[in-house]
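Peer 1: Okay, handing you the structure first.
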Amino acid sequence: MSIIMSQELIEPAQKKFALLLQGQLKRILEMKKAGSWVDYATLKPIIIGICWGDGIGEFISKNATQVLMHVLEEEVKTKKIVFREITGLTIENRVRHNKAIPDDILEELKSCHVILKGPTTTPQAGDPWPNIESANVAMRRALDLFANVRPVKIPQEGIDWCFFRENTEGAYVLGSQGFDVGQDLSVDFTIATQQGCERIIRTAFDYAQKNHIDRVSVITKSNVVKTTDGRFSRTAKRIAQEYPQIHCDEWYIDIMTAKLIDPARRKEFKVMVMPNLYGDILTDEAAQLQGGVGTAGSANIGTRWAMFEAIHGSAPRMVKEGRAQYADPSSMIRACAMLLRHMGCADQAGKVDMALEVCGQFERKIVITGHDNGATGDQYTDYILSWIDNPKLKSRWETEVYHFK
Ligand code: IPM
Ligand code: MG
């Protein structure tokens, strides 16, 4: 390729790159003036948005909402809490508007304080849908939900992990704004900002401190990805000095994926904090150890809004094979427990967590397999509800802190 030809390709790419950098510098200014944490105790009422999503989302969100409404019956009666249904976050409506989140839906989301969100279909090239951006990723960015908190517990093995995944930058920052340069070169980016690293790392350390946890493990690949992960690692080491009672260590993502399946070592880990993509991968692995991705919930926390969801997607394969009614609602019900705890409803949260644990790990009177040889989501929800109302249920999670005020 001649120098003139490559200049023809490079100049427009440079322009695109300049625009992207401008966007990121603007984002840094926004982060610098971020407001203080919302205080749920002062909100009357607290508005909970329910977003059904699509695929198995419609099924498991209905199951989860049933549980949430059940434990909040009193608060709804006394008008402390109001539910608001948001129906338009379906793949069909998003495709109609050719947008990850149509503008009117984003306004509806912003009118709520906390959101329970069902899985939404994320198109990829070759799907029957246009290749629009993931609604999850777009929502995390639009509402600046920077902390993705994902607990995984296997009590019989003494495993009690809480993952803090950075949620607004890293390899996810540009969504679908990567670009091709000529025929043969494709470019995406990964980004780390000082403000982005600091806020997730501090959130992880604060969580550890409030819950009397004496270890935070930082997960990077800073030996190879030297600039962005290097910043993450350096920032973590500096912040760790402010928490002398907490031991801080750094692990590379590759060995960490191995350690999670090492029975001799894995229960030593407690709080883990990491950039976006590593958190995406590692939390699916962790969830699988707990009983499958269908068992794990996730909190997406920002200072103004918070959104709670399953850690998995809308499972189009299950829907295509006619198995959507057998999808495990535990992930979304766990997300409800996190939502409750975040709003300050610790008693209700404890009951939901405990019922999930009894049904999913101990009693296991009925089990979900994802197929017709197991319970349906509706049957499993009834099973969980029967434990929530059981006076034998004693909450062990009453004091755990998932709200970051
Ligand atoms: C998750 C999911 C999403 C992600 C998908 C559905 C876009 O895998 O919440 O972990 O990649 O973040
Ligand atoms: Mg994922």
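Rule-based calculations on the coordinates, nothing more; no lab input. This structure is a prediction, so every number in the text was calculated from the model and none was measured. As a convention, Cβ positions derive from the backbone with ideal geometry for all residues, glycine included, and neighbour counts pool all protein chains shown.
Peer 1: Quick one: which residues, 5+ away or cross-chain, put their amide H under 5 Å from the amide H of Val271? H built at 1.01 Å from N.
Peer 2: The list, which skips near neighbours in sequence, is Cys162, Arg215, Ser217.
Peer 1: Follow-up. Using helices alone, what [θ] at 222 nm do you get for the chain, with -39,500 (n - 2.57) per DSSP H run of 4 or more residues, divided over all residues and rounded to the nearest 500?
Peer 2: -13000 deg cm²/dmol
Peer 1: Cα to Cα, under 16 Å, and not fewer than 8 places away if on the same chain: which aspartates and glutamates meet these conditions relative to Lys210?
Peer 2: Asp160, Glu242, Glu398, Glu400
Peer 1: Rounded to the nearest Å, what's the spacing between the alpha carbon centres of segment 185-254 and segment 260-338? Just the number, please.
Peer 2: 21
Peer 1: Further question on the same structure: Given Cα positions, please report Rg to Rh for the chain, the hydrodynamic radius being the Kirkwood one.
Peer 2: Value, to two decimals: 0.97.
Peer 1: What is the antiparallel percent of DSSP beta bridges lying wholly in the chain, to the nearest 5?
Peer 2: In the chain, DSSP labels about 45 percent of beta bridges as antiparallel.
Peer 1: Evaluate the distance, in nm, between pseudo-label points positioned 7 Å from the Cα of Gln124 and of Ile154 along their respective Cα→Cβ axes.
Peer 2: The modelled label-to-label distance comes out at 2.6 nm.
Peer 1: Additional query: For Val224 and Asp103, compute 0.36 nm times the residue count separating them, minus their Cα-Cα distance, and round to one decimal in nm.
Peer 2: So the chain would gain 39.6 nm between Val224 and Asp103.
Peer 1: Find how much the distance from Thr42 to Asp249 grows on full extension, using 0.36 nm per residue of separation minus their present alpha carbon separation; answer in nm with one decimal.
Peer 2: Result: 70.7 nm gained on full extension.
Peer 1: Where in the chain are the DSSP H helices whose C-alpha atoms run 15 Å or more along the long axis and whose mean Kyte hydropathy is at least -0.5?
Peer 2: Helices meeting the span and hydropathy rule in the chain are 3-32, 57-71, 276-290, 330-343, 346-357, 377-388.
Peer 1: In terms of Cα to Cα distance under 16 Å, which lysines are near enough to Lys15, apart from those fewer than 8 places away along the same chain?
Peer 2: none
Peer 1: Neighbour counts of other C-beta atoms within 10 Å: give me Leu143, Leu116 arranged from fewest to most.
Peer 2: Fewest to most other Cβ atoms nearby, the residues stand as Leu143, Leu116.
Peer 1: Sort Ile91, Ile255, Ile388 by Cβ crowding within 10 Å, fewest neighbours at the top.
Peer 2: Listed from fewest to most nearby Cβ atoms, that is Ile255, Ile388, Ile91.
Peer 1: Which ordering of Arg140, Arg94 is given by a fewest-first count of other beta-carbon atoms within 10 Å?
Peer 2: So the ranking, lowest neighbour count to highest, is Arg140, Arg94.
Peer 1: Name all residues of segment 217-239 having a backbone nitrogen under 14 Å from the label point set 7 Å from the Cα of Ile28 along its Cα→Cβ direction, giving them as ranges.
Peer 2: 228, 231-232
Peer 1: If you build a Gaussian network model of the chain, linking Cα atoms that sit under 10 Å apart, which residue out of Leu385, Leu185, Leu19 swings the most?
Peer 2: Answer for the Gaussian network model of the chain: Leu185.
Peer 1: Let me ask another. Would you mind working out the magnitude of the charge dipole of the chain relative to its Cα centre, with +1 at each Lys and Arg C-beta and -1 at each Asp and Glu C-beta, to the nearest 20 Debye?
Peer 2: Approximately 1000 debye in magnitude.
Peer 1: Now for a separate question. Compare the Cα positions of Pro130, Pro119, Ile48 along the charge dipole of the chain (+1 at Cβ of Lys, Arg; -1 at Cβ of Asp, Glu; about the Cα centre) and return the one farthest towards the positive end.
Peer 2: Ile48
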